[in-house]
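The values are calculated or read from the model by the stated rules, or taken from the named source; none is laboratory data. Quantities reported herein were computed from a predicted structural model and do not represent experimental measurements. Note: ideal-geometry Cβ built from the backbone for every residue, glycine included; neighbour counts use all protein chains shown. When the accessible area is computed, the model is the full protein with side chains, heavy atoms only, and any ligands, DNA or RNA have been set aside. Shrake-Rupley method; radii C 1.70, N 1.55, O 1.52, S 1.80 Å.
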Amino acid sequence: MPESSCLIGSWLVGRKNPMQAVMSETLALAEDGYLRAKADEAGYVILPGTRSAAGLPADRAALLEAILGREGELWLRREPGPPASLRGTRISLAQIQKGVTDAAREHGYLARPYYVLLSMAIAVLSGAFLMWRGNTSSAVLLCVAAALLGTWSLGKTRISKTGAAEQQRLLALQDSLRRPSRPAHAEGETSLGYRLLPWATLLLDGEDFGRWYADNLLDVELPRWWAQEPGVPDPTLRFVSQDGMKGLLHSLLHHVGP
């Protein structure tokens with residue numbers, strides 16, 4: 001299993017759609033016990049889970065805090081689908097991105113640009129030496145070039161060796177999730193597939209996700225963090241539909257903005 005959050009994982013594997021990152025991490029927070037959700041005819045409500053959020057990494061804590069807000073819960077009207085663009089005001093992608101950067105640095109996934117700083121220092125010292133020798137124009141050009149190179153290099157986000165190793169774990173998991181499989185579940189066992197549901201949401205698209213869900217979660221109990229109207233036919237199909245988990249996540253996205 002990957003060691004990173006789905007938010008960091010989205011960055012590591014280069015997923016371009018922030019909606020997938022938010023949806024997958026919301027599921028991960030629920031599966032880890034930080035959130036629970038209820039569905040009824042009117043819509044959905046997201047409530048605090050059974051675990052304390054103390055000690056959560058910055059990226060996960062930022063999303064959890066944005067979802068629950070000051071009220072400690074979030075009521076959602078059932079939307080027919082995801083928004084065409086992210087214009088919500090409750091969940092800020094900029095704030096979450098800051099949390100992702102802080103958490104990635106804390107986990108050692110960001111490369112430390114020592115070589116850039118060393119090159120800049122050498123260039124500045126060389127410029128000072130040239131200026132001392134009276135070659136002012138060359139000294140100024142060298143210092144300006146060092147500043148431009150440093151600004152460009154430090155502005156680029158680079159993955160460290162630790163980050164690259166996590167990236168490979170994520171890509172290996174993606175390949176594994178794409179392979180058809182039908183695991184045998186012990187009687188009464190809650191499917192381990194729910195632990196992979198956030199990663200499948202992040203790493204799989206369209207038909208691949210549908211096939212994975214059918215193989216792993218179609219005939220098992222609903223996750224412990226989910227409650228819906230009792231007595232509905234095909235509860236696991238309803239869970240993955242627009243009346244269930246899918247609708248919950250799409251409705252949540254209407255509250256996400258820049």
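Both radii come from the Cα set of the stretch 13-101: Rg as radius of gyration, Rh as Kirkwood radius; their ratio Rg/Rh reads 0.95. As a fraction of the 1.4 Å probe accessible area of the stretch 1-56, surface on carbon and sulfur atoms comes out at 49 percent. Note on Tyr213: accessible area approximately 10 square angstrom, rounded to 10, probe 1.4 Å, nucleic acids and ligands left out. Here is the list for the stretch 217-251: trypsin sites (Lys or Arg not before Pro) lying in DSSP coil, each with at most 14 other C-beta atoms within 10 angstrom of its C-beta, are Arg224.
Can you sort Asp215, Asp234 by 1.4 Å-probe accessible area, starting with the largest? Present the calculation step by step, with values, prior to reporting the outcome.
Values: Asp215 35, Asp234 100 Å².
Descending accessible area places them as Asp234, Asp215.
The loop-placed trypsin sites (Lys or Arg not before Pro) in the stretch 4-39, going by DSSP, that have at most 11 neighbouring Cβ atoms within 10 Å of their Cβ come out as Lys16. Under the convention that each Lys and Arg Cβ holds +1 and each Asp and Glu Cβ holds -1, the size of the dipole of the stretch 195-236 around its Cα centre is about 220 debye.
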